[in-house]
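Colleague: This is the structure I want to talk about, given as C-alpha cells.
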Amino acid sequence: ETMLRVLREGKDLHTETARLILGHEPSKEERYVAKTCNFLILYGGGPKKLAVESGLPVREASAFIKSWYRTFPGVLAWQKKQEQDVLSTGQVRSLWGRIVCSTRR
C-alpha cells in the first residue's frame, strides 16, 4: 500500500523509499542505494548483492533491506504468494493475469 500510494501521488519512488527509510531528505547517493534496493529485492537479491552494488558494508545493506521490508510490508506477502503460485501451478502471472513464465509446455 505504501508503494502504491507513493506511485499514485506521482512521487519519485526511489527518493521516497530513501526518505521513508532514512527519515530525512536523501542525498543523491542515498537515493541511489534506495533505487538499487527497490530493484534488487524484486529480483531476489540480498544483502551481499546490495553491498556490492551500493558500496555499503554488508551489515548496513542488511539493515537497509530489513527497513525496506518494514516500509513496504505488502511486498513480502506478495513475494510469498508468487512463490506458492509457481510451486503449485508451475507458472508466474503478471498482476493482470498474463502468464509471464511457465515450466509447462
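A short reminder: the numbers here are calculations on the coordinates, not readings from a lab. In this text, all values refer to a predicted model and were calculated from it rather than measured experimentally. Cβ coordinates were reconstructed from backbone atoms using ideal geometry, including for glycine residues, and neighbour counts include every protein chain displayed.
Colleague: What's the longest piece of the chain with no exposed GluC sites (Glu not before Pro), counting a site as exposed if DSSP puts it in a loop and it has at most 15 other beta carbons within 10 Å?
Modeller: Longest run free of exposed loop sites: 10-105.
Colleague: Between beta-carbons, use under 14 Å as the cut-off and find the net charge around LYS28, counting Lys and Arg +1, Asp and Glu -1.
Modeller: -1
Colleague: Which one of SER94, SER27, SER54 has the biggest mean-square fluctuation once the chain is modelled by GNM with Cα springs under 10 Å?
Modeller: Result for the chain, Cα springs under 10 Å: SER94 fluctuates most.
Colleague: Suppose a student asked you for the relative contact order of the chain, using Cα pairs under 8 Å spaced at least 6 residues apart; what percent would you report?
Modeller: Relative contact order of the chain: 17 percent.
Colleague: Under the Kirkwood approximation applied to all pairs of distinct alpha-carbon atoms, what is the hydrodynamic radius of the chain in Å?
Modeller: By the Kirkwood definition, the hydrodynamic radius is 14.9 Å.
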